[in-house]
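What follows draws every value from the coordinates through simple rules; no lab data is involved. This structure is a prediction, so every number in the text was calculated from the model and none was measured. Cβ placement follows ideal geometry from the backbone for every residue including glycine, while neighbour counts extend to all protein chains displayed.
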Amino acid sequence: MTPHRTLPRLALAASGWVALLATTLPEAAPLRVAVVTPFLLVCPGLAAVLAMRAAAPAHGMPRYAVLEAALLSLMLGLALATLVAVGLFLGGAFTATRGLVVLAALTSVLALLPRRHRARERDGEVQPGGGGGGGRGGP
Amino acid sequence: MTGARDGPYEDTAAPPAPRDGWTHGTAPPASASTRAATVRHWSIRAVLPLSLGLWLFSLRSVPLDRMRDLGLLQVLPALFWLAAALLTLGFCLALSDRRTHGAWLTGYVLGLIALLHATPTLLYPTLRYSWAWKHLAVVDAMLRHGGEVPNADKFAVYNDWPGFFQLNALFLRATGLDSAVGYAAWTPAFANALLLAPLLLLYRSVTRDRRLVWGGVWIFYSCSWVGQDYFAPQTFAFLLFMTVTALLFRQLPTSALPRPDPRRRDGWPPALLAGVVVLVAAIVVSHPLTPLMLISALVALSLPRRNRRVVLPVLAAAVVLTALWDATVARSYISVHIQNLVQSLVQPDENVASGLAATGNAAPGQILLSAVDRGLSAVVVVLAVAAFVVRRWTRRTGLPLLAVAPLPLLAVNAYGGEMLFRAYLFALPAAAFLVAALLLPPTTRHHPVRTLAVYPLFLALLGGLVFGYYGKEAVNRFTPGEVAAARYVTDHAPPGSRIVTLTSDVPGLDRYYEQHRRIQLAHQSPKDTERLVRHPLAGVSAFLYGSTEEQPSYIVLSRAQDMNGYLTGALPADTSRHLRSAMANAPGFTLVYADENATVYRYVTPRPVGGTP
């Protein structure tokens with residue numbers, strides 16, 4: 001795997017732990033909000049979306065595929081955070097730290113899942129005039 | 001598909017010339033054509049910033065205190081409406097020019113969302129909608145109790161579908177923010193902007209005609225008057241619902257988008273299906289109605305045999321997860337309401353009627369507003385049905401099934417009288433596209449004039465929307481004084497106190513809802529309401545019996561409650577004034593908070609004269 005693909009994955013895998021570290025800052029500190037918010041909104045979902053794909057987002061991905069990946073990242077991130085929070089509340093074990101630990105661990109696992117490489121989908125699949133949905137699918 | 005002229009797969013990347021809709025043999029001189037195209041090209045680029053500038057400028061001094069029957073409609077200046085008309089014109093121009101970059105179309109739609117949904121947030125000093133305040137209170141209570149809130153009474157339903165609240169609780173605890181009130185105010189604008197993504201994906205799965213895709217999007221936002229986009233579980237669940245729907249349409253055999261994996265002929269990639277199940281699970285734990293809407297939509301979409309390999313796995317997941325949740329965590333709510341469910345089944349007509357505002361005693365403006373709401377909804381339905389009849393290719397798309405999917409739910413549950421509105425909301429994404437298919441027929445050649453012909457209709461739809469969406473703002477907007485009055489009560493009322501109001505329109509009064517008993521005088525039996533109107537002091541005192549120093553009662557009267565009484569006709573407009581003057585000199589009542597827009601009385605039952613001290 002090339003470094004330009006490894007580094008973003010490592011950064012994504014570390015994002016939850018950085019967010020956890022940020023919770024040691026004073027309550028509502030701008031840096032804390034600035035680190036935790038993007039993590040909760042995007043990172044678990046993005047890691048899940050990348051795990052669904054065989055490779056990192058390729059350059060020249062059709063616009064609708066980019067839109068779909070972005071939407072899925074956000075909504076999956078929110079859905080995963082919701083399910084983790086509900087699980088902890090139902091178990092009477094809710095704390096922000098526990099919630100972030102679960103999500104950080106999930107993000108790390110999904111971001112670091114080994115992926116088999118495959119050739120990028122050919123643009124030939126994309127029909128004229130349309131965006132097309134290349135870039136997702138099994139290995 | 002019935003051929004290139006009437007097919008969903010219209011190719012907008014057709015050869016570029018001739019561009020401007022002139023027929024062969026009648027083409028104008030090249031210079032005139034070029035000049036017209038250049039004018040249109042620069043108009044599209046100029047109108048967006050101009051209309052947004054006018055919109056922001058128009059908000060600098062809006063006399064909000066003058067809102068009455070028609071809410072914001074009667075106080076927004078002419079410049080605001082000019083900005084809205086210009087924005088619509090610019091969008092139609094952009095739609096009529098196939099060379100318009102997608103970024104401009106996106107800009108116009110985001111501009112419309114900002115104009116419609118950010119205007120109240122920019123104008124109001126406090127959070128809009130009493131329900132949004134209520135949901136803030138639920139988040140706060142769940143954080144204080146570490147989950148389920150005891151003695152929740154009418155708020156118990158939130159214990160059973162806590163997903164949205166607990167997501168916010170996690171966010172607040174992780175960031176250390178004190179309250180969600182800051183970002184809750186911007187929820188309508190952001191939720192609608194987020195909705196753009198699944199709408200685009202859904203429509204793009206049905207056609208490659210860019211005019212249809214963006215026209216459908218514009219029509220959706222121009223007709224979405226129901227106002228279920230604030231800080232609420234249903235907003236979150238609807239976004240998830242639309243995401244699932246968009247992903248599902250992408251996988252259908254009829255999708256106009258290329259297969260994500262060319263080697264997979266049909267069905268889901270397993271990892272993506274797992275992702276969809278996670279989304280469905282988040283819907284199931286967040287809102288009682290949306291899973292039923294999802295199941296209804298999936299059942300409808302599974303009717304054509306060709307869809308089943310895609311739809312049935314998601315349907316099975318939705319049914320199993322919903323049944324599991326309803327049989328365990330939500331069992332208490334389901335078991336109590338099962339009888340109502342059955343009763344509603346027997347009387348389906350009542351459900352349909354319950355969503356139509358009872359306008360008997362309502363303010364004149366509200367009667368007009370109700371008529372416009374109904375008219376707009378009816379227009380959407382009629383045009384969608386016409387599209388189904390005239391544009392035969394739409395029948396293959398699954399959108400007609402999605403549009404009718406909410407209808408069976410109308411027969412099952414009145415859902416607090418709002419089921420008709422909710423059904424409209426869930427049908428609208430599909431219906432809006434059908435309307436676009438009717439108004440913007442795909443052509444092998446481009447007709448800018450024909451596209452521009454929809455401008456008056458787009459304006460009319462927008463005009464209808466603002467009645468429904470802005471018409472009740474006299475109730476939805478709160479002054480800082482009303483917020484302060486509620487804060488005073490929740491800060492001072494000991495546990496066990498009673499809090500008496502006319503209606504529910506007091507912002508923040510539900511804080512510590514599990515510790516207080518709320519009484520809304522407008523929603524008591526007709527006998528009690530009549531007594532309140534005839535003998536205000538006796539009417540309110542009947543609910544205050546047994547108030548003590550340890551557990552007193554608080555009576556909160558405020559501007560938004562008065563407006564609610566006036567607009568809906570639930571109580572005579574002068575009820576509040578009579579009640580105030582009756583309590584002023586009555587024994588046991590103490591004025592503890594007074595503001596231009598809110599008054600709070602504390603009540604303790606006086607000891608009998610000559611009684612033991």
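What average count of beta carbons from other chains do you get within 10 Å of the Cβ of residues in B:267-276?
Values: counts 0, 0, 5, 2, 9, 7, 1, 3, 10, 3.
Mean partner shielding for this stretch: 4.
Fully extending the segment from B:His535 to B:Arg518, taken as 0.36 nm per residue of separation minus the present Cα-Cα distance, adds 4.0 nm.
On a 0 to 90° scale, report how tilted helix B:364-390 is relative to the longest principal axis of chain B, with both axes built from alpha carbons and the result rounded to the nearest 10. So the inclination is approximately 30 degrees.
Here's the picture: charge each Lys and Arg Cβ at +1 and each Asp and Glu Cβ at -1 in the protein assembly as shown, and of B:Tyr183, B:Pro253, B:Gln234 the one pushed furthest to the positive end of that dipole is B:Pro253.
Axis angle, to the nearest 10 degrees, between helix B:308-327 and the longest C-alpha principal axis of chain B: 10 degrees.
Per residue Cα convex hull volume for the stretch B:478-603, in cubic angstrom?
Residue-normalised Cα hull volume stands at 93 Å³.
Normalised by the number of residues in the stretch B:185-305, the average gap of Cα pairs under 8 Å and 6 or more apart makes the relative contact order 29 percent.
Of the peptides B:317-329, B:33-45, the ranking by mean beta-carbon count within 10 Å, highest at the top, reads B:317-329, B:33-45. Beta bridges from DSSP with both residues in the stretch B:478-603: antiparallel share about 60 percent, rounded to the nearest 5. Going by the alpha-carbon gyration tensor, a ≥ b ≥ c the square roots of its eigenvalues, is the stretch A:3-114 rounded (a/c under 1.5) or, if a/c is not under 1.5, prolate (a/b greater than b/c) versus oblate? Prolate is the answer for the stretch A:3-114, as a/c is 1.5 or above and a/b outweighs b/c.
With a Förster radius of 60 Å applied to the C-beta separation of B:Phe190 and B:Arg607, the computed FRET efficiency comes to 0.65. Assuming charge only on the beta carbon of Lys and Arg (+1) and of Asp and Glu (-1), the dipole of chain B about its Cα centre is about 2120 debye to the nearest 20.
Think of the protein assembly as shown as a dipole: +1 on every Lys or Arg Cβ, -1 on every Asp or Glu Cβ, centred on the Cα centre; then among A:Leu110, B:Thr34, B:Leu50, B:Thr34 lies furthest on the positive end. When its C-alpha radius of gyration is set against 2.2 N^0.38 Å (N residues), chain B gives a value of 1.06.
Explain nothing, just the number: relative contact order of the stretch B:478-603, from Cα pairs under 8 Å at least 6 residues apart, as a whole percent.
Values: 206 pairs, mean separation 38.9, N = 126.
Contact order relative to length: 31 percent.
Quick one: if the Förster radius is 60 Å, what FRET efficiency do B:Ala37 and A:Arg115 give, using the C-beta to C-beta distance and rounding to 0.05?
On the way: r = 48 Å, r/R0 = 0.79.
After rounding to 0.05, the efficiency reads 0.80.
If one takes the longest principal axis of the Cα atoms in chain B, at what angle in degrees, from 0 to 90 and to the nearest 10, does the Cα axis of helix B:270-284 lie? Relative to chain B, helix B:270-284 is tipped by roughly 30 degrees.
Taken residue by residue and averaged, Cβ atoms of other chains lying within 10 Å of the Cβ of B:144-152 number 2.
From a point 7 Å beyond the Cα of B:Tyr545 in the direction of its Cβ, which residues of the stretch B:594-609 have a backbone N at a distance under 15 Å? Only B:605-606 fall inside the zone, counting backbone N under 15 Å. For peptide A:67-74, the mean count of partner chain Cβ atoms within 10 Å of a residue's Cβ comes to 6. For B:Lys134, a cut-off of 24 angstrom between C-alpha atoms picks up these lysines, skipping any fewer than 8 places away in its own chain: B:Lys154, B:Lys472. Full extension of the chain between B:Val336 and B:His101 gives 79.2 nm of extra length, using 0.36 nm per residue less the Cα-Cα distance.
Fewest to most neighbouring Cβ within 10 Å: what's the order for B:Val449, B:Val381, B:Val149?
Values: B:Val449 9, B:Val381 16, B:Val149 23.
The order, fewest Cβ neighbours first, is B:Val449, B:Val381, B:Val149.
When each of the peptides B:536-546, B:111-121 is scored by how many other beta carbons lie within 10 Å of its residues on average, the order from highest to lowest is B:111-121, B:536-546.
Computed from label points 7 Å out along Cα-Cβ, the spacing between B:Arg305 and B:Thr254 is 1.6 nm. Between B:Ala371 and A:Leu10, the simple spin-label model (points 7 angstrom out along Cα→Cβ) gives 7.0 nm.
So, R0 is 41 Å and r is the distance between the beta-carbons of A:Thr95 and B:Ala327; what FRET efficiency does that work out to, to 0.05? Intermediate values should be presented prior to the final figure.
Working: r = 29 Å, r/R0 = 0.70.
For A:Thr95 and B:Ala327, the calculated efficiency is 0.90.
Sorted on the mean count of surrounding Cβ atoms within 10 Å across their residues, most packed first, peptides B:222-233, B:488-499 read B:222-233, B:488-499.
Taking 0.36 nm per residue of separation and subtracting the current Cα-Cα distance, fully stretching the chain between B:Ala586 and B:Gln74 would add 180.4 nm. Only beta bridges with both residues in chain B are counted; by DSSP, about 60 percent of them are antiparallel.
Just round it to a whole percent: the fraction of Cα-Cα distances in the stretch B:390-518 exceeding 19 Å. Could the numbers behind the result be given before it?
Numbers: 5798 of 8256 pairs.
Tail fraction, whole percent: 70.
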